[in-house]
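Please read the structure below before turning to the comments.
The values are calculated or read from the model by the stated rules, or taken from the named source; none is laboratory data. Just so we're clear, the structure is a prediction, and the values are computed from it rather than from any experiment. FYI the Cβ positions are ideal-geometry reconstructions off the backbone, even for glycines, and counts take in every protein chain you see. Heavy atoms of the whole protein, side chains included, go into the accessibility calculation; ligands, DNA and RNA do not. Shrake-Rupley method; radii C 1.70, N 1.55, O 1.52, S 1.80 Å.
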Amino acid sequence: MSQIPTHTFPLFVVPFLAGLLFITAWLVFLFLKWIYELDRNGLVKFGQNILTMKTIRAFGEVFMESLLHRKLFRKNPLLGYMHLCFAFGWFMIILIGKLEVIAYSGKITARPYVAIFFKHFVSPEEKFRHSDTYAFLMDFFLLMILSGLFLAVLKRFRSKTLGMAHTTPHNRIDKWTLAFLWLIFPVRYLAESIASGSEGHSFLTGQTGRLLASFLPVGQMEIPFWWFYSVVLFGFFVLLPFSRYMHIPTEVAYIFLKQWGLDKREMDRGFTNFEIYSCSRCGVCIDVCQLKTQAGISTVQGVNFTRDIRSGSLSEENLRNCLMCGRCTEACPVGIELTLQKQIYREQFARLDKNGFDYLVPLKTTKKSTVVYFPGCMSSLSPGIEQAMVKIMEEAGEDFKRMNDEQGACCGRPMFLSGNTGAARKLVAFNRDYILASEAKMLVTSCPICYKMFNEHYELPIPVLHHSEYLLKLAEAGKIQIKKRQLRMVYHDPCELGRGSGIYDQPRKLLQQTGTLAVSAFERANSLCCGGSLANTKISQGNKDKIAKHLVEELCAPRPEILATACPVCKRTIARHSKTKVMDIAEIVAENIQKKQYSIFPEKKEEFIVG
């Protein structure tokens with residue numbers, strides 16, 4: 001084993017050490033502050049799960065997503081490769097550099113700057129165990145990073161080459177931080193090549209060094225280039241916390257917190273900070289936002305939202321001008337719950353401070369039933385849906401009642417989406433008491449907006465089903481018979497039912513019993529919003545129409561006879577712009593239901609509960 005010279009301390013390492021000390025102290029302080037701001041539930045989960053298999057899974061996710069960028073690679077291979085080159089390439093250079101120092105000196109501990117400036121301390125002519133292998137690997141990953149740098153420059157000036165229609169603007173600090181980041185590896189490449197000089201033999205820095213040595217005084221250039229490299233690292237480390245690139249360390253911490261079970265519905269300020277600062281502002285959410293692609297609105301996307309929070313410039317106008325459709329959340333390669341974050345921040349602009357709801361007087365007694373059917377406010381504007389459901393349940397012989405037959409209120413989700421959570425909780429309490437008083441064994445709703453609200457905020461001890469799930473269960477149990485016709489349909493996944501609740505297969509299985517399903521270009525998690533969102537209180541009717549018309553064009557591309565959906569809002573919105581017939585899934589089933597054939601020798605009827 002050889003000894004690394006330690007009798008002299010090269011001054012050019014000072015900027016690097018100063019920057020490393022600054023960024024380490026800053027991250028420790030900031031992360032501890034955010035952890036301290038976690039609520040009690042978050043702190044408990046933090047303590048309970050840190051020494052479990054969840055931590056191992058977190059390491060796995062960090063490797064797959066923060067280093068390899070698997071999700072981003074699947075969505076955009078070129079963009080994924082670019083990020084992979086920087087993250088995984090840099091990680092491997094640090095790791096291999098540390099192993100190289102250990103192999104050379106035989107010691108695990110070494111001064112932190114030795115691996116970074118290894119070629120200054122060790123001549124390329126010195127051989128040690130696997131030295132050629134280490135030299136090859138270091139050059140290989142440096143070349144990988146340089147190829148990623150080429151794509152990054154290309155993305156900045158010709159983003160469409162990488163499949164991105166739009167990119168995010170940089171502020172002044174972002175530009176300086178990016179400049180330092182882009183300089184790190186070319187400068188390292190030149191510094192290591194010059195240090196190798198005429199003695200280098202590795203395929204990249206060694207051969208470049210031999211070339212440079214043939215016409216340049218590389219001996220006099222080495223120290224200035226190591227200074228340059230050290231100063232560039234210092235600049236990047238010092239500016240990192242104040243730039244968009246803060247996501248690099250924060251995303252790792254965010255992944256661990258997610259794996260440790262912090263519930264997104266119980267987010268507090270501490271967890272929110274980890275999530276907001278994990279946004280890399282890659283711009284993927286811009287290209288999937290219909291407000292941008294169809295309405296030309298470019299100030300409200302997820303990247304703008306996280307930027308405005310970091311800079312303290314979040315405006316109510318931009319925050320409320322959002323469909324809350326979840327397309328940005330679905331596309332986010334980091335997995336940031338952008339829709340939920342926007343909902344949380346809307347509480348800052350809540351309008352209804354006092355919500356007595358004195359007109360909501362709980363019933364002293366209520367009719368008991370096996371199934372409670374909640375049509376939802378929007379279903380009253382599409383009465384055909386409620387009528388179809390009543391027809392089907394009567395045909396199935398279900399013991400049911402409609403909440404609005406006696407007394408019921410809005411589910412509370414519009415209030416919740418607007419940020420008026422206090423008002424929403426009062427509506428939740430009223431409806432919950434009514435449902436429990438009925439002693440029902442199941443709640444069925446026709447509105448995905450209500451379905452999501454009942455599932456996430458009511459904490460009911462009974463199953464909650466959307467009517468597409470419920471009708472499928474009736475059909476599979478033989479309680480209703482559906483006839484299949486030569487009917488060509490396209491199904492539109494409502495935002496709250498699909499991306500919001502993960503209900504994709506049940507509606508399709510049900511529709512396939514009535515006819516044939518054609519495939520559209522935007523399905524399942526990639527489904528388009530109809531534009532009629534109740535969550536957007538700032539969008540103009542003209543922009544709503546643009547979004548709806550584009551959706552209709554896409555749905556009608558396979559030339560269906562019927563446009564099917566499972567949401568009263570979607571049905572009304574789509575129908576205003578479609579020449580093709582638009583029907584809710586309940587209406588389609590009701591239209592194709594077969595009357596039961598009763599025997600003249602009736603058998604004893606047994607009680608049967610679908611569920």
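Tabulated data for the structure shown
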item: Among the residues listed as VAL44, VAL28, VAL14, the single one being more than 35 Å from the chain's Cα centre (by Cα) and either part of a helix (DSSP H, G or I) or on the phi < 0 side of the Ramachandran plot (or both); result: VAL14
item: Residue count for the stretch 432-456, restricted to those that are in contact (Cβ under 8 Å) with a residue 40 or more places away in the chain, in a helix (DSSP H, G or I) and farther than 20 Å from PRO494 by Cα; result: 4
item: Condition broken by ALA521, with the remaining ones in (1) open to solvent by less than 50 Å² (accessible area, probe 1.4 Å); (2) under 30 Å from CYS289 (Cα atoms); (3) without any contact (Cβ under 8 Å) to a residue 60 or more places away in the chain satisfied; result: (1)
item: Residue, farthest from CYS495 (Cα to Cα), within the stretch 522-545, restricted to residues that are polar (S, T, N, Q) and part of a loop (DSSP other than H, G, I, E, B); result: SER540
item: Filter result for LEU51 (outside any helix (DSSP H, G or I), farther than 15 Å from PRO333 by Cβ and open to solvent by less than 60 Å² (accessible area, probe 1.4 Å)); result: no
item: Whichever residue in the stretch 433-466 is of a type in the set (D, E, K, R) and under 12 Å from VAL372 (Cβ atoms) and, among such residues, is modelled with the highest pLDDT; result: LYS441
item: Among the candidates LYS258, LYS175, residue that is part of a helix (DSSP H, G or I) and touching a residue at least 60 places away in the same chain (Cβ under 8 Å); result: LYS258
item: Residue within the stretch 283-293 that is farther than 20 Å from CYS322 by Cα, aliphatic (A, V, I, L, M) and either modelled with pLDDT under 85 or in a helix (DSSP H, G or I) (or both) present; result: no
item: Index of the failed condition, ALA115 passing every other in (1) assigned to a loop (DSSP other than H, G, I, E, B); (2) surrounded by fewer than 13 Cβ atoms within 10 Å (Cβ to Cβ); result: (2)
item: Selected residue [over 23 Å from PHE136 (Cβ atoms), open to solvent by less than 50 Å² (accessible area, probe 1.4 Å) and among the small types (Gly, Ala, Ser)] from GLY206, GLY235; result: GLY235
item: Filter result (within 19 Å of GLU199 (Cα to Cα) and of a type in the set (Val, Ile, Thr)) within the stretch 215-233; result: VAL218, ILE223
item: The stretch 308-345: number of residues that are under 16 Å from the mean Cα position of the chain (by Cα), assigned to a helix (DSSP H, G or I) and not acidic (Asp, Glu); result: 11
item: Of all residues in the stretch 72-82 being open to solvent by 70 Å² or more (accessible area, probe 1.4 Å) and not hydroxyl-bearing (Ser, Thr, Tyr), the one that is farthest from GLY335 (Cα to Cα); result: LEU78
item: Residue pairs meeting the criteria (Cβ under 7 Å; at least 6 apart or on separate chains; first free of Cβ contacts under 8 Å to residues at least 24 places away in the same chain, in the stretch 93-120; second part of a loop (DSSP other than H, G, I, E, B) and exposed (fewer than 15 other Cβ atoms within 10 Å of the Cβ)); result: ILE102/ILE108
item: Checking MET246 against (1) part of a helix (DSSP H, G or I); (2) more than 26 Å from LYS54 (Cβ to Cβ); (3) touching a Phe, Trp or Tyr at 6+ places or on another chain (Cβ under 9 Å), the condition it does not meet; result: (2)
item: Failed criterion for ALA103 (all others in (1) surrounded by fewer than 13 Cβ atoms within 10 Å (Cβ to Cβ); (2) farther than 16 Å from SER193 by Cβ hold); result: (1)
item: Condition met for LEU338 (open to solvent by less than 20 Å² (accessible area, probe 1.4 Å) and more than 23 Å from HIS69 (Cβ to Cβ)); result: no
item: Residue ID - least open to solvent (accessible area, probe 1.4 Å), chosen from residues in the stretch 423-433 that are farther than 21 Å from ARG320 by Cβ and not hydrophobic (A, V, I, L, M, F, W, C); result: ASN431
item: Test for LEU443: is it surrounded by 20 or more Cβ atoms within 10 Å (Cβ to Cβ), within 30 Å of ALA564 (Cα to Cα) and over 28 Å from the mean Cα position of the chain (by Cα); result: yes
item: Per-region count, the stretch 359-383, residues closer than 21 Å to ALA590 by Cα, hydroxyl-bearing (Ser, Thr, Tyr) and at pLDDT below 80; result: 2
item: Which numbered condition PRO241 fails, given (1) outside any loop (DSSP other than H, G, I, E, B); (2) crowded, with 22+ Cβ neighbours inside 10 Å; result: (2)
item: Residues being modelled with pLDDT of 85 or more and touching a Phe, Trp or Tyr at 6+ places or on another chain (Cβ under 6 Å) - total across the stretch 384-423; result: 3
item: Residue match in the stretch 87-109 (condition: at positive phi, at pLDDT below 95 and more than 39 Å from the chain's Cα centre (by Cα)); result: yes
item: Of residues in the stretch 186-203 being in contact with a helix residue (DSSP H, G or I) (Cβ under 6 Å, 6 or more places away or on another chain) and either open to solvent by 70 Å² or more (accessible area, probe 1.4 Å) or among the acidic types (Asp, Glu) (or both), the one modelled with the lowest pLDDT; result: SER198
item: In the stretch 126-148, the residues that are touching a residue at least 12 places away in the same chain (Cβ under 8 Å) and not in a helix (DSSP H, G or I); result: GLU126, PHE128, ARG129, HIS130
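Residue-wise test of (1) out of contact with any strand residue (DSSP E or B) (no Cβ under 9 Å at 6 or more places or on another chain); (2) open to solvent by 20 Å² or more (accessible area, probe 1.4 Å).
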position: THR421; (1), (2): yes, no
position: ILE435; (1), (2): no, no
position: CYS450; (1), (2): no, no
position: TYR458; (1), (2): no, no
position: PRO463; (1), (2): no, yes
position: ILE480; (1), (2): no, no
